[in-house]
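Undergrad: The structure's right below; bear with me while I get my questions together.
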Amino acid sequence: MNKEISVPREDFPETNDSSIYWNDLVGCSVKDLNEKDLGKVMKIENHGASDLLFIKESNEEIIIPIEDNFFKKFDNENKLIIVDWEQE
């Protein structure tokens with residue numbers, strides 16, 4: 001209890017479907033559908049209804065739900081996430 005457990009990434013089982021490990025998303029660059037850079041994923045948290053990407057860009061933080069209507073593509077090789085997201 002109250003201990004942190006860690007496992008090296010190379011020991012994670014391979015996925016055969018569209019599953020993604022949160023660990024692979026942290027540090028990725030995030031761009032919108034127009035290729036505008038939104039920043040980098042700093043952390044991911046679960047808030048009941050959905051998992052949330054916390055993206056840091058300059059002094060701003062953007063929070064995007066990891067849901068099909070927002071989360072469009074993940075390119076693990078290039079550490080890039082494409083989202084359908086418009087900033088105000």
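Undergrad: For the chain, state the average projected area of the convex hull of the C-alpha atoms over all orientations, rounded to one decimal in nm².
TA: Directional mean of the projected Cα hull area for the chain stands at 7.6 nm².
Undergrad: Efficiency by 1/(1 + (r/R0)^6): what FRET value for Ser58 and Arg9, r their Cβ-Cβ distance, R0 = 35 Å, to the nearest 0.05?
TA: It comes to 0.75.
Undergrad: What list do you get for Ile5, Ile20, Ile81 if you sort them by fewest beta carbons within 10 Å?
TA: Listing Ile5, Ile20, Ile81 from fewest to most nearby Cβ atoms yields Ile5, Ile20, Ile81.
Undergrad: A further question follows. Could you please rank Asp32, Asp11, Asp84, placing first whichever residue has the fewest other Cβ atoms within 10 Å of its Cβ?
TA: Final ranking by Cβ density, sparse to dense: Asp11, Asp84, Asp32.
Undergrad: Something else about it: Please turn the phi angles of the stretch 63-76 into ³J(HN,Hα) values with the Karplus equation 6.51 cos²θ - 1.76 cosθ + 1.60 (θ = phi - 60°), one per residue in order, whole Hz, x for glycine and proline.
TA: Along the stretch 63-76, the couplings run 10, 10, x, 8, 9, 3, 6, 10, 8, 9, 8, 10, 10, 5 Hz.
Undergrad: Check Phe71: other-chain or 5+ apart residues with amide H under 5 Å from its amide H, H built from backbone geometry?
TA: Here the answer is Asp84, since their amide H atoms fall under 5 Å of that of Phe71.
Undergrad: Counting other C-beta atoms within 10 Å, which of Val30, Val7 has the fewest, and how do the rest follow?
TA: Val7, Val30
Undergrad: Please tell me which of these pairs span more than 21 angstrom C-alpha to C-alpha: Lys31/Lys79; Lys3/Lys40; Lys3/Lys56?
TA: Where the Cα-Cα span goes over 21 Å, the pairs concerned are Lys3/Lys40; Lys3/Lys56.
Undergrad: Can you give me the C-alpha center-to-center distance between the stretch 38-88 and the stretch 1-25, rounded to a whole angstrom?
TA: Here the answer is 18 Å between Cα centres.
Undergrad: Quick one: putting +1 on the C-beta of Lys and Arg, -1 on the C-beta of Asp and Glu, what dipole do you get for the chain around its Cα centre, in Debye to the nearest 20?
TA: The dipole magnitude comes to about 240 debye.
Each value in this text was obtained by applying a stated rule to the coordinates, not by laboratory testing. What you see is a predicted model, and the numbers here were worked out from it, not measured in a lab. Methodologically, a virtual Cβ is constructed for each residue, glycine included, from the backbone with ideal geometry; neighbour enumeration extends over all protein chains shown.
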